[in-house]
Amino acid sequence: MRSWSGQKVVIIGAARQGLALARYLLEHGASVVITDQRPIEALESARQSLAEVPGATERLSWVCGGHPFSLLEGATLLCPSGGVPLTLPLIEEARRRSLPLSNDSQIFMEAAPCKVIGITGSAGKTTTTTLVGRMGQAAVNLPRRTVPYRQVWVGGNIGSPLIAEVDRMQPDDLVIMELSSFQLEIMTRSPQVAAVLNITPNHLDRHGTMEAYTAAKTHILAFQSPLDRAVLCRDDAGAWSLAGQVKGQLFSFGFTPLPAKACGAFMYEDDICVCTEPGKHQATWVMKRAEVALRGDHNLLNVMAACTIAAAAGLPVEAMRAGIKGFTGVPHRLEFVRSWGGADWYNDSTATAPERTMAAIRLFEEPLILLAGGRDKKLPWDEFARLVSQRVDHLIVFGEAADIILQAVQSELAASLKVTCCKGLREAVDYAAQVVKPGMVVLLSPGGTSFDEFKDFEERGICFARWVRELP
């Protein structure tokens with residue numbers, strides 16, 4: 001394990017990742033500088049959260065309102081938080097000076113004493129990570145001789161930063177970690193089990209090109225050893241294109257047939273099955289498709305992905321089965337809010353790309369009012385527009401992306417489609433309440449990020465649900 005005594009680490013961003021990393025580094029003897037573009041008055045709660053950490057008085061300092069290059073003097077490491085672009089002048093200057101970059105995920109990977117599962121993809125990461133976590137928890141409740149794991153930890157891009165828990169972990173624990181492209185793009189460590197669910201256009205406002213975005217995702221595999229295991233979706237061209245880069249054993253999942261003598265998950269008629277041992281034709285039945293509570297083929301792929309990842313980590317089929325049963329989804333992902341005005345209202349705030357909104361639209365056969373908008377990620381909206389013109393009865397756009405969506409829809413506008421533009425989400429909810437009719441579905445599935453109005457997609461989803469519940 002790396003020694004932090006005598007090191008000066010500069011952390012960019014005082015949100016949950018940055019604060020958790022600062023606490024860990026202080027507890028391990030490093031000197032820490034936290035820099036944030038917000039004024040010092042806005043960071044009072046963040047400062048208080050670290051005030052009682054041993055060594056904070058002597059070894060923690062704050063630089064607020066900007067990121068001067070003087071921060072780099074004497075620094076041995078620069079750690080940008082996930083939301084900080086690598087084009088930030090301070091980061092570019094650090095690279096010019098050959099100062100190493102890292103982040104909380106990389107430092108966690110270096111310190112973790114146990115097996116780590118890493119899961120990435122353009123869509124489905126949170127659902128799949130949650131499912132694998134449920135499977136892992138089910139496994140540790142089985143007799144110890146059946147499963148070699150003591151405790152399961154789930155986190156990373158969801159939940160709490162795992163760096164906050166690493167000192168409590170033991171060699172016989174199992175970590176299940178969601179990883180985004182923002183985290184992966186500067187990482188030089190790979191987990192022992194690495195899964196790429198899919199690679200489709202996303203976050204091009206950050207990465208610029210699909211090539212750069214794909215390169216960031218590929219880091220989850222790039223530093224594996226021949227003893228490690230990789231999981232790829234064989235139905236997704238972007239994920240499957242990485243098969244040639246796998247250094248260890250390849251597992252796969254998908255609706256297409258499983259290659260001969262390969263490991264992974266597949267469908268046999270209406271049954272979910274998994275092959276866990278390479279070189280054998282023997283498959284193990286997991287469950288009937290009808291037993292999966294999640295809606296849609298994309299969620300069935302997530303279930304198969306979770307089974308494959310679990311198999312790669314050595315979890316038994318009975319744990320896979322237990323993890324899937326009763327799972328109805330994660331908050332803010334096609335979450336039913338209430339029935340009002342004779343219509344069902346759904347919160348799909350996690351849909352931050354047009355592709356995810358399209359997947360949600362396809363799940364409903366009822367007349368549909370769609371709330372779409374937020375902040376655009378420089379992604380194409382043309383396929384979204386074609387589907388909306390075919391399947392949506394009333395499109396209500398809101399936020400910064402409203403004009404972009406309207407422009408895309410204009411060329412595909414069907415005579416039956418009504419389109420309304422609102423300034424923000426609250427106005428969109430109120431307007432939907434005015435026009436909704438019994439038998440309809442009102443779906444918030446924005447296709448854009450939340451940052452034009454809200455802190456994150458969770459806050460957006462919470463506000464939407466509250467406003468819907470407050471309808472008289």
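The values are calculated or read from the model by the stated rules, or taken from the named source; none is laboratory data. This structure is a prediction, so every number in the text was calculated from the model and none was measured. Positions of Cβ are backbone-derived with ideal geometry, glycine not excepted, and every protein chain shown enters the neighbour counts. Each accessible area value is taken on the protein alone, full model and side chains, heavy atoms only, with ligands, DNA and RNA left out. Shrake-Rupley method; radii C 1.70, N 1.55, O 1.52, S 1.80 Å.
Go ahead and estimate [θ] at 222 nm for the chain from helices alone: -39,500 (n - 2.57) per DSSP H run with n ≥ 4, summed, over the residue count, rounded to 500.
That comes out to -9500 deg cm²/dmol.
When ligands, DNA and RNA are left out and all protein chains stay put, how many square angstrom of accessible area per residue does the range 209-290 have with a 1.4 Å probe?
Accessible area per residue: 50 Å².
From the phi angles alone, apply the Karplus equation (6.51, -1.76, 1.60; θ = phi - 60°) to the range 290-305 and give each ³J(HN,Hα) in whole Hz, x where the residue is Gly or Pro.
Along the range 290-305, the couplings run 5, 7, 7, 7, 6, 8, x, 5, 5, 6, 5, 4, 4, 5, 5, 4 Hz.
Each residue of the range 261-271 in turn: what ³J(HN,Hα) in whole Hz from Karplus with 6.51, -1.76, 1.60 and θ = phi - 60°, glycine and Pro shown as x?
6, 9, 9, x, 10, 7, 9, 10, 6, 9, 10
Can you give me the C-alpha center-to-center distance between the range 61-82 and the range 381-452, rounded to a whole angstrom?
42
Taking loop as defined by DSSP and a crowding limit of 10 other beta carbons within 10 Å, which trypsin sites (Lys or Arg not before Pro) in the range 136-212 fit?
Of the trypsin sites (Lys or Arg not before Pro), the ones in loops of the range 136-212 whose Cβ has at most 10 other Cβ atoms within 10 Å are Arg144, Arg145.
Within the set Lys217/Lys455; Lys8/Lys217; Lys217/Lys377; Lys115/Lys288; Lys125/Lys261, which residue pairs have Cα atoms separated by over 20 Å?
Lys217/Lys455; Lys8/Lys217; Lys115/Lys288; Lys125/Lys261
Measure off, as a whole percent, the carbon and sulfur share of the 1.4 Å-probe accessible area of the range 292-348, all protein chains present.
Of the solvent-accessible surface of the range 292-348, carbon and sulfur hold 50 percent.
In the range 1-106, which trypsin sites (Lys or Arg not before Pro) fall in coil by DSSP and have 13 or fewer other Cβ atoms within 10 Å?
When the trypsin sites (Lys or Arg not before Pro) of the range 1-106 are filtered for loop state and at most 13 Cβ neighbours within 10 Å, Arg2, Arg97 remain.
Taking 41 Å as R0, compute the FRET efficiency from the Cβ-Cβ separation of Arg289 and Arg150 and round it to 0.05.
According to the calculation, E is roughly 0.80.
Would you mind working out the accessible area per residue for the range 104-202, using a 1.4 Å probe, and quoting it in Å²?
It amounts to 31 Å² per residue over the range 104-202.
Give the accessible area for Lys247 in Å² (nearest 10); use a 1.4 Å probe, count only protein heavy atoms, and leave out ligands, DNA and RNA.
Answer for Lys247: close to 100 Å² accessible.
If I stretch the segment between Ser98 and Gln282 completely, what's the gain in nm (0.36 nm per residue apart, minus their alpha carbon distance), one decimal?
61.1 nm
Rounded to whole Hz and in sequence order, give me ³J(HN,Hα) for the range 377-382 from the Karplus expression 6.51 cos²θ - 1.76 cosθ + 1.60, θ = phi - 60°, writing x for Gly and Pro.
Ordered by residue, 3J(HN,Hα) equals 10, 6, 10, x, 10, 5 Hz.
So what is the accessible area of the range 313-421 per residue, in Å², with the probe set to 1.4 Å?
41
Can you send over the carbon and sulfur percentage of the accessible area for the range 1-153, probe radius 1.4 Å, protein chains only?
50
Compute the Kirkwood hydrodynamic radius of the range 130-264, taking the inverse of the mean of 1/r over all pairs of distinct Cα atoms, and give it in Å to one decimal.
16.3
Loop only per DSSP, at most 12 neighbouring Cβ atoms within 10 Å: give me the GluC sites (Glu not before Pro) in the range 1-77, ordered by residue number.
Glu52, Glu73
Which order do the peptides 382-390, 335-343, 214-222 come out in when sorted by mean C-beta neighbours inside 10 angstrom, highest first?
214-222, 382-390, 335-343
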